Amino acid sequence: MHKKISAAVIGLGIVGASVLATGSATSHGYTNLPISRQALCANGTVKDCGPIQYEPQSVEGPKGFPSGGPADGKICSAGNSQFAQLDDPRGGRWPATKVTGGQGYSFTWRLTAPHSTTDFRYYITKNGYNPSRPLTRADLELQPFMSVPYNGTRPGTTVVHQGTIPTQKTGKHLIVGVWTIADTSNAFYACSDVTF
């Protein structure tokens, strides 16, 4: 009898640990192309990232960007203090994806839990952007260079948007991808450093 009770307690412990371990891992999404800061942390390219290295899919914050959403200086972390390393410009030394203005590009997201979706939007920094300072709305062109409406449909686990890299850009820039969820008050944010 004692062995059966012990086995049951151990079994419940394993189930409980599994539920806790997968609780945050089943949510949500981030950009792979161009590679986002959270993906660079998760794959080990960038070190000293804190908890984001274990859950790159969890950069979730208030929707309504750019009129709402996370505060200036906290856009890349979606205003989530446990992911503040994503807002740290690291002296402008985040690895950057090489792009060419006007080139066709496959903007790609990896979603670990697809949600009913309003849209995906992509913003880019203005010419003169200083990559050694935290990102603010004043740094961004506030009209997205690409918007992909979903009208409440649920995307798959890999999402690819065919678009065009903005022209008349030089040097280092930041692309902010925003995945707006239709049936919650939140969106997911992904900052990708690029160089022209």
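The values are calculated or read from the model by the stated rules, or taken from the named source; none is laboratory data. Since we're looking at a predicted model, the values are computed, not measured. Glycine gets a Cβ as well: all are built from the backbone with ideal geometry, and neighbour counts include every protein chain shown.
For the range 51-98, enumerate the residues that are farther than 14 Å from residue 178 by Cα, in contact with a Leu (Cβ under 8 Å, 6 or more places away or on another chain) and part of a helix (DSSP H, G or I).
The one that is farther than 14 Å from residue 178 by Cα, in contact with a Leu (Cβ under 8 Å, 6 or more places away or on another chain) and part of a helix (DSSP H, G or I): 52.
Can you give me the number of residues within the range 124-150 that are polar (S, T, N, Q) and either over 14 Å from residue 171 (Cα atoms) or assigned to a helix (DSSP H, G or I) (or both)? First the steps, then the outcome.
Going residue by residue through the range 124-150, those that are polar (S, T, N, Q) are 125, 127, 130, 132, 136, 143, 147.
Next, only the ones that are either over 14 Å from residue 171 (Cα atoms) or assigned to a helix (DSSP H, G or I) (or both) stay: 136, 143, 147.
The number of residues fulfilling the criteria is 3.
Cβ-Cβ under 6 Å, sequence separation 6+ or interchain: first residue in the range 99-111 and surrounded by 15 or more Cβ atoms within 10 Å (Cβ to Cβ) and at pLDDT 95 or above, partner part of a strand (DSSP E or B) and β-branched (Val, Ile, Thr). Which pairs?
As it stands, the answer is 99/194; 108/160; 109/31; 109/159, since those pairs meet every condition given.
Would you confirm whether or not the range 116-123 contains a residue that is of a type outside the set (A, V, I, L, M) and part of a loop (DSSP other than H, G, I, E, B)? First the steps, then the outcome.
Applying the first criterion (of a type outside the set (A, V, I, L, M)) to the range 116-123 yields 116-123.
Keeping just the survivors that are part of a loop (DSSP other than H, G, I, E, B) gives 116.
Scanning the range 116-123, I find at least one residue that is of a type outside the set (A, V, I, L, M) and part of a loop (DSSP other than H, G, I, E, B), so the answer is yes.
Which members of the range 163-192 meet the condition of being closer than 16 Å to residue 118 by Cβ and not in a strand (DSSP E or B)?
Of everything in the range 163-192, those that are closer than 16 Å to residue 118 by Cβ and not in a strand (DSSP E or B) turn out to be 182, 183, 184, 185.
For every residue, the table says whether it meets (1) touching a Pro at 6+ places or on another chain (Cβ under 6 Å); (2) surrounded by fewer than 12 Cβ atoms within 10 Å (Cβ to Cβ).
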site	(1), (2)
42	yes, no
49	no, no
69	yes, no
81	no, yes
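Check the range 140-157 and report whether any residue there is within 15 Å of the chain's Cα centre (by Cα) and among the small types (Gly, Ala, Ser).
Keep residues of the range 140-157 that are within 15 Å of the chain's Cα centre (by Cα), which gives 157.
Keeping just the survivors that are among the small types (Gly, Ala, Ser) gives none.
No, because not a single residue in the range 140-157 is within 15 Å of the chain's Cα centre (by Cα) and among the small types (Gly, Ala, Ser).
Is it true that some residue in the range 41-56 is at pLDDT below 95 and under 22 Å from residue 167 (Cα atoms)?
No, the conditions are met nowhere in the range 41-56.
When you look at residue 160, is it surrounded by fewer than 21 Cβ atoms within 10 Å (Cβ to Cβ), within 15 Å of the chain's Cα centre (by Cα), part of a strand (DSSP E or B) and of a type outside the set (Asp, Glu), yes or no? Before the answer, list the steps.
On the way: surrounded by fewer than 21 Cβ atoms within 10 Å (Cβ to Cβ): yes; within 15 Å of the chain's Cα centre (by Cα): yes; part of a strand (DSSP E or B): yes; of a type outside the set (Asp, Glu): yes.
Criteria met by residue 160.
As an exercise: evaluate residue 147 against (1) touching an Asp or Glu at 6+ places or on another chain (Cβ under 8 Å); (2) in contact (Cβ under 8 Å) with a residue 40 or more places away in the chain; (3) hydroxyl-bearing (Ser, Thr, Tyr); (4) surrounded by fewer than 17 Cβ atoms within 10 Å (Cβ to Cβ) and give the number of the one condition it does not meet.
(2)
So residue 92 clears everything in (1) touching a residue at least 12 places away in the same chain (Cβ under 8 Å); (2) on the phi < 0 side of the Ramachandran plot except one condition, right? Which one?
Residue 92 satisfies all of (1) touching a residue at least 12 places away in the same chain (Cβ under 8 Å); (2) on the phi < 0 side of the Ramachandran plot except (2).
Give me the pairs, please: first residue somewhere in the range 123-137 and in contact (Cβ under 8 Å) with a residue 12 or more places away in the chain, second residue anywhere and among the aromatic types (Phe, Trp, Tyr) and assigned to a loop (DSSP other than H, G, I, E, B), beta-carbon distance under 6 Å, and either six or more positions apart or on two chains.
124/145
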